[in-house]
Amino acid sequence: MNEKFGMRNEKITNKDAKVWDCGSKPAMTRIHFDTFSIRRDVARYVSTIRMCILILVSVFCLSSCEKADEYDRSPRANFEALWKIMDENYCFFSYKEVDWDAVHQRYAALITDTMNQYALFDTLGNMLRELKDGHTNLYSYFNTSRYWDWYLDYPDNFDWELIEDHYIGTDYAIAGGLRYTTLCDGQIGYIYYGSFSSSAGNNALNHIFYQFKDCKGLILDIRNNSGGLLSNAETIASRFIEEKRLVGYVQHKTGRGHDDFSELYPQYLEPSEGILWLRPVVVLTNRRCYSAANDFVLKVNPLPNVITLGDRTGGGCGLPFNSELPNGWAVRFSASPMYDAQKQLTEFGIDPEIPVSLSQEDQEKGIDTLIERAIELLNAS
């Protein structure tokens, strides 16, 4: 039995933890339907907005002059503009041990005055792929460069058709981006959330957790969730805590050097004013969990009532910003690094507490190995 859900964890026992109260009235805490206090949410969002403004001002001060610099529209001018934008603003050069000057030397030799826009785009896109960053893209009217190796080189560990056919059917409920039902004769709640860009409103979460009031545990499946809004990650994570917690740090560039950064600013997660779910939660992950999904795992990983299970996330812990080349193409890149509570970067992903893969043998039998292991953990809690 995992220590988080077992009786060996001194912080959580059957006697003193609300999450384990599975009597005739399971412990759902703070059910507020009509009188939500919005002060705490407003304060939290104001704090977040202030931090974003601070970071945006910093990045603007460092990069706003890019477009003002005197560049022509030639292939070489656009190459130099892109290289300089990244050189002065990208945030992971040192962490990834990228020799950006050497990259310049290699790719400058490929630029010619007679190359067409398609050849130029491919060359610049290949240069950006040297950074191995899913948040870094070049955009033109005819194509978008991307780096997808953070998941392409790994097994999916996910089969939605299998889940529908053998676990939840097709008559599950849908609230915004949340698909939910119960498993094991109503004993375990199941939520699939496929994108943090999709709605995950407070009213929907209140309704879902109330519907799960007789469940002893929850499976939150975020496999194949490639990110979206950080605010949605915070909204859901805030349902699993009773008190304010330090969940990570963020910093921003303060100069044009690769290591010119501000101090680390702490990031806190505060409990929601809605219904809190303090019983066991198993979060299912795979390599396609990226960006805001990675941030969500970062926030819930330390929580005593949450276990992550599955595969390593895809990563993506740099807040992305945008700039523009002389020819009008846009570039997005990681500009502000985010850290976990131990001040560690998670750019290359977060390992699950319990590694589990979807085996081919189970898949052929109509079994989702990850869901079965999660059910086993919750039934043993």
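The values are calculated or read from the model by the stated rules, or taken from the named source; none is laboratory data. What you are looking at is a predicted structure, and each value in this text was computed from that prediction instead of being measured. Because the Cβ atoms are built from the backbone with ideal geometry, glycine has one as well, and the counts that use them run over all protein chains shown.
Identify the single condition in (1) farther than 24 Å from residue 379 by Cβ; (2) small (Gly, Ala, Ser); (3) touching a residue at least 12 places away in the same chain (Cβ under 8 Å) that residue 257 does not satisfy, given that it satisfies every other one.
Residue 257 satisfies all of (1) farther than 24 Å from residue 379 by Cβ; (2) small (Gly, Ala, Ser); (3) touching a residue at least 12 places away in the same chain (Cβ under 8 Å) except (3).
Within region 86-120, track down each residue that is β-branched (Val, Ile, Thr) and assigned to a loop (DSSP other than H, G, I, E, B).
Selection gives 98, 111, 112, 114.
Out of all the residues in region 206-213, is one or more outside any helix (DSSP H, G or I), closer than 26 Å to residue 368 by Cα and assigned by TED's automatic domain parsing to the domain that holds residue 376?
Checking region 206-213: at least one residue is outside any helix (DSSP H, G or I), closer than 26 Å to residue 368 by Cα and assigned by TED's automatic domain parsing to the domain that holds residue 376.
Given the criteria over 22 Å from residue 334 (Cα atoms), among the charged types (D, E, K, R) and modelled with pLDDT of 95 or more, does residue 106 qualify?
For residue 106, the condition - over 22 Å from residue 334 (Cα atoms), among the charged types (D, E, K, R) and modelled with pLDDT of 95 or more - is met.
Any chance you could count how many residues in region 326-350 are of a type outside the set (Gly, Ala, Ser), loosely packed, with under 14 Cβ neighbours inside 10 Å and farther than 21 Å from residue 93 by Cβ?
Residues that pass the stated criteria total 1.
Tell me which of these residue 283 doesn't satisfy, since it passes every other one: (1) surrounded by fewer than 21 Cβ atoms within 10 Å (Cβ to Cβ); (2) under 23 Å from the mean Cα position of the chain (by Cα); (3) not charged (D, E, K, R).
It is condition (1) that residue 283 fails.
Somewhere in region 224-244, is a residue within 20 Å of the chain's Cα centre (by Cα), of a type in the set (Phe, Trp, Tyr) and part of a helix (DSSP H, G or I)?
Scanning region 224-244 turns up at least one residue that is within 20 Å of the chain's Cα centre (by Cα), of a type in the set (Phe, Trp, Tyr) and part of a helix (DSSP H, G or I).
Could we say that residue 369 is closer than 19 Å to residue 302 by Cβ and surrounded by 15 or more Cβ atoms within 10 Å (Cβ to Cβ) here?
no
Scan region 142-183 residue by residue and report those that are surrounded by fewer than 18 Cβ atoms within 10 Å (Cβ to Cβ), in a loop (DSSP other than H, G, I, E, B) and free of Cβ contacts under 8 Å to residues at least 60 places away in the same chain.
Hits for region 142-183 are 142, 143, 146, 147, 148, 153, 169, 170, 171, 172, 176.
Go through region 82-99 and report how many residues are more than 11 Å from residue 335 (Cα to Cα) and within 25 Å of the chain's Cα centre (by Cα).
Count: 5.
Which condition does residue 262 not pass, out of (1) surrounded by fewer than 18 Cβ atoms within 10 Å (Cβ to Cβ); (2) among the small types (Gly, Ala, Ser); (3) not assigned by TED's automatic domain parsing to the domain that holds residue 94, if it passes all the others?
So the condition that residue 262 fails would be (3).
Restricting attention to region 117-133, does a residue exist that is among the charged types (D, E, K, R), buried (at least 19 other Cβ atoms within 10 Å of the Cβ) and within 21 Å of residue 338 (Cα to Cα)?
Yes, there is a match, as at least one residue in region 117-133 is among the charged types (D, E, K, R), buried (at least 19 other Cβ atoms within 10 Å of the Cβ) and within 21 Å of residue 338 (Cα to Cα).
If you check residue 189 against the conditions, is it in the same structural domain as residue 284 (by TED's automatic domain parsing) and small (Gly, Ala, Ser)?
Yes.
Give 201, 217, 186 a once-over and let me know the one that is surrounded by fewer than 24 Cβ atoms within 10 Å (Cβ to Cβ) and within 22 Å of residue 370 (Cβ to Cβ).
Selected residue: 186, the only one of 201, 217, 186 that is surrounded by fewer than 24 Cβ atoms within 10 Å (Cβ to Cβ) and within 22 Å of residue 370 (Cβ to Cβ).
For region 272-381, please list each of the strands (runs of 3 or more DSSP E) lying entirely inside it that holds at least 3 residues being in the same structural domain as residue 89 (by TED's automatic domain parsing) and either under 30 Å from residue 125 (Cβ atoms) or not charged (D, E, K, R) (or both).
Strands (runs of 3 or more DSSP E) meeting the threshold: 318-324, 330-340.
Only one of 99, 72 is modelled with pLDDT under 95 and either loosely packed, with under 15 Cβ neighbours inside 10 Å or at positive phi (or both). Can you tell me which?
After ruling out the rest, the residue left standing is 72.
Considering only residues that are of a type in the set (Gly, Ala, Ser) and surrounded by fewer than 21 Cβ atoms within 10 Å (Cβ to Cβ), which ones fall in region 229-255?
Answer for region 229-255, where residues must be of a type in the set (Gly, Ala, Ser) and surrounded by fewer than 21 Cβ atoms within 10 Å (Cβ to Cβ): 231, 255.
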